Amino acid sequence: MKKDNTIFVTTPLLPSLEEFYDCLKEIWDSKWITNNGQFHQRLEKALCDYLGVDYLSLFTNGTLPLITALQAMHITGEVITTPYSFVATTHALWWNGIKPVFVDIDPTNCGLDPDKIESAITPRTTAIMPVHCYGKPCDTVKIQAIADKYGLKVIYDAAHAFGVEVNGKSILKQGDMSTLSFHATKVFNTAEGGALIVKDAETKKRIDYLKNFGFAGETEVVAPGINSKMDEIRAVYGLLNLKQVDDAIEKRHQVAIRYRETLRNVKGIRFFDDMPGVKHNYSYFPIFVNAEEYGMTRDDLYFKMKERGVLGRRYFYPLISTFSTYKGLPSASPENLPIATRIANEVICLPMHHELSNEDLSRILDLIVR
Ligand SMILES: *Cc1c(COP(=O)(O)O)cnc(C)c1O
């Protein structure tokens, strides 16, 4: 039962407590709590099957695979990235002593604008780190062509892109590596958790060393690794959630259909339609408020909704490039990032999850339609 009638922007997908308890009993009996236990192995395999990828390593969250991917490929110098993301994307570069170079975004998918990447490349550039923002695929073809031309690595922050496919192929196969987050707020969650998707068995082996202090055997340490292993409790929670994630995504799809149906007739509100050939995961439903056409600013609408108990999220506002650590970088100036700056001031992510009722949706939409 809800305590009050607040509508939250999201709610975690939770496994059945009874089933979870039975699995916990098995873990208790086995006394194998972490370190590549049976549920960890089973979740890696199940995720490879579900996602249609060949090599995946589980992590404790979605930030450490970003940091570890950069470590594994010895990325240094400068990396081109987007200011329009969750702050972890840029932090992962900073933790590796890499200088982030912000490039503006494409308003049609909120991902890096490939046409603006080349002019940001310098002799120190070693990689590109784009984000499939809201699970909408970046222009991976153009990005890869630039990477190939300049000999750059590509690491996709695919935290939003669980299960997304382009022409029947997982988006997670693009670039050199891709990362996922299984945080409680994501489409598929393990409370906290994440994964790194790589292209071959050798690389997976190295990643598995790196996430376990660099241990390659009982007494051998082959690299300065970190501890980022997922434990058995969250692995089994993940296995149970994987059984119901398709249903949850379909419920989100229905929410998106309802939002679009109504908002299509509202002047000054832009949103995304499905892209041809793409299997979406409906992880977020961002709307973009054009204050002049809509007759109200984004913030006025956001706070009006909040006052009435409808919690959207200004996701992503403010831009990463405006935070104190990064704002001094030459590439962080708003003049370099006009599209991202505008979109950050227009966006509200509407409530989007598997438990929204028709009544909830009417309440949300009544606040927006004018
Ligand atoms: C959630 C998220 C992360 C970080 O994931 P955690 O699991 O919270 O560490 C990284 N990048 C993006 C784009 C995210 O949305």
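The values are calculated or read from the model by the stated rules, or taken from the named source; none is laboratory data. Everything numeric in this text was worked out from a predicted model, so none of it was measured. Every residue, glycine as well, gets a Cβ built from its backbone with ideal geometry; the counts of neighbours run over all protein chains shown. Just so you know, the surface numbers come from the protein's heavy atoms only, side chains and all, with ligands and any DNA or RNA stripped out. Shrake-Rupley method; radii C 1.70, N 1.55, O 1.52, S 1.80 Å.
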Would you mind calculating the gained length between residue 247 and residue 265 on full extension (0.36 nm times residue separation, minus the Cα-Cα distance), in nm to one decimal? 3.6 nm
Looking at the range 87-180, send over the antiparallel percent of its DSSP beta bridges, to the nearest 5. 35 percent
Using a probe radius of 1.4 Å on heavy atoms only, what accessible surface per residue do you get for the range 1-97? Whole Å² is fine. 53 Å²
Unit charges at the beta carbon, dipole of the range 233-313: most positive-side option, 285, 266, 233: 233
Please identify every one of the trypsin sites (Lys or Arg not before Pro) in the range 32-124 that sits in a loop by DSSP and has no more than 12 other beta carbons within 10 Å of its own beta carbon. 124
Could you state the principal axis extents of the C-alpha atoms in the range 67-158, from the largest down, to the nearest angstrom? 32, 27, 18
Can you give the helix-only mean residue ellipticity at 222 nm for the chain, where every DSSP H stretch with n ≥ 4 adds -39500 (n - 2.57) and the sum goes over all residues, rounded to the nearest 500 deg cm²/dmol? -11000 deg cm²/dmol
Could you give the semi-axes, largest first, of the ellipsoid that matches the range 215-317, computed as the square roots of 5 times the alpha carbon gyration tensor eigenvalues and rounded to whole Å? 41, 19, 15
Once you've got the Cα coordinates, tell me which of 99/169; 149/173; 25/251; 279/304; 205/279 are over 26 Å apart. 99/169; 25/251; 279/304; 205/279
If packing is taken as the mean number of other Cβ atoms within 10 Å per residue, what is the order of 257-267, 237-247, 295-305, highest first? 237-247, 295-305, 257-267
Taking 0.36 nm per intervening residue step and subtracting the Cα-Cα distance, what contour gain separates residue 34 from residue 115 on full extension? 24.7 nm
Can you give me the accessible area per residue for the range 161-244, using a 1.4 Å probe, in Å²? 40 Å²
Would you work out which of 345, 159, 196 lies farthest towards the positive end of the dipole of the chain? Charges go on Cβ: Lys and Arg +1, Asp and Glu -1. 345
Where the centre of each part is set by its Cα atoms, how far does the range 286-331 sit from the range 221-249, in angstrom? 32 Å
Among 207, 143, 224, the residue whose Cα sits farthest towards the positive end of the charge dipole of the range 134-292 (+1 at Cβ of Lys and Arg, -1 at Cβ of Asp and Glu, taken about the Cα centre) is 143
A 1.4 Å probe over the protein heavy atoms gives the chain a carbon and sulfur accessible-area percentage of 53 percent
Find the all-direction average of the projected area of the Cα convex hull for the chain, expressing the result in square nanometres with one decimal place. 19.3 nm²
In nm, to one decimal, how far is the modelled label at residue 5 from the one at residue 223, with both set 7 Å along Cα→Cβ? 5.4 nm
Quick one: putting +1 on the C-beta of Lys and Arg, -1 on the C-beta of Asp and Glu, what dipole do you get for the range 218-370 around its Cα centre, in Debye to the nearest 20? 480 debye
At what distance in angstrom do the alpha carbon centres of the range 145-212 and the range 44-71 lie from each other? 6 Å
Taking placed amide H atoms and a strict 5 Å upper bound, the residues 5 or more places from residue 105 or on another chain that come that close are 113, 339, 340
Backbone N under 20 Å from the residue 42 label point (7 Å along Cα→Cβ), restricted to the range 232-252: 232-247
Cβ-Cβ FRET estimate between residue 24 and residue 275, R0 fixed at 51 Å, reported to 0.05: 0.80
Distant-in-sequence amide H partners of residue 285 (H built 1.01 Å from N, under 5 Å): 350
By how many nm would the segment from residue 199 to residue 329 lengthen if fully extended, with 0.36 nm per residue of separation less the alpha-carbon distance? 43.5 nm
Around residue 79 (Cβ within 10 Å, Cβ-to-Cβ, excluding residue 79; K/R +1, D/E -1) the net charge comes to +2
What is the pair-distance distribution P(r) of the range 258-370, computed from all Cα-Cα distances in 5 Å bins starting at 0, with each bin given as a whole percent? 2, 10, 19, 22, 18, 13, 9, 5, 1, 0
Accessible area per residue of the range 313-354 at 1.4 Å probe, in Å²? 42 Å²
